[in-house]
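Only the coordinates and a few stated rules stand behind these numbers; no lab work does. Since the model is a prediction, treat every value here as computed from it, not as a measurement. With ideal geometry, Cβ positions are generated from the backbone for all residues, glycine too; neighbour counts draw on all protein chains shown.
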Amino acid sequence: MTRIYVAGPMTGLPDLNYPAFRAATTQLEALGHTVEDPSTNVNPTPDDYHGWLKAGLAQLITCDAIALLDGWEASGGARLEVNVGATLGMRVAPLSEWIEA
């Protein structure tokens with residue numbers, strides 16, 4: 001199946017929106033996909049936004065596609081991930097399209 005990166009908003013949301021990332025991962029894995037979930041990353045400097053972004057981008061470039069969580073448009077990091085993915089020729093689609101496919 002497809003290796004999918006989950007992209008969406010984190011900063012400023014309750015629990016950094018991790019429950020939505022983890023739910024998406026569970027749904028996509030149940031469909032047989034391999035999932036890269038940036039909410040599982042470990043950063044030795046938790047307040048280092050750029051460190052988190054670099055870790056996510058390193059995951060992203062190993063993938064074939066991106067599944068977008070609701071609200072991704074409001075996230076600068078997610079917008080960057082979408083731009084990188086699209087530039088690399090990845091399929092970029094809302095999570096709902098992956099689940100319904």
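Quick notes on this structure:
- Within region 11-21, being surrounded by 14 or more Cβ atoms within 10 Å (Cβ to Cβ) and more than 10 Å from the chain's Cα centre (by Cα) holds for LEU13, LEU16, ASN17, TYR18, ALA20.
- Taking region 14-94 as the region of interest, the helices (runs of 4 or more DSSP H) fully inside it that hold 3 or more residues being in contact (Cβ under 8 Å) with a residue 60 or more places away in the chain and over 14 Å from ARG3 (Cα atoms) are 76-87.
- Which listed residue, of TRP72, TRP52, is in contact with a strand residue (DSSP E or B) (Cβ under 9 Å, 6 or more places away or on another chain), surrounded by 13 or more Cβ atoms within 10 Å (Cβ to Cβ) and of a type in the set (Phe, Trp, Tyr): TRP72
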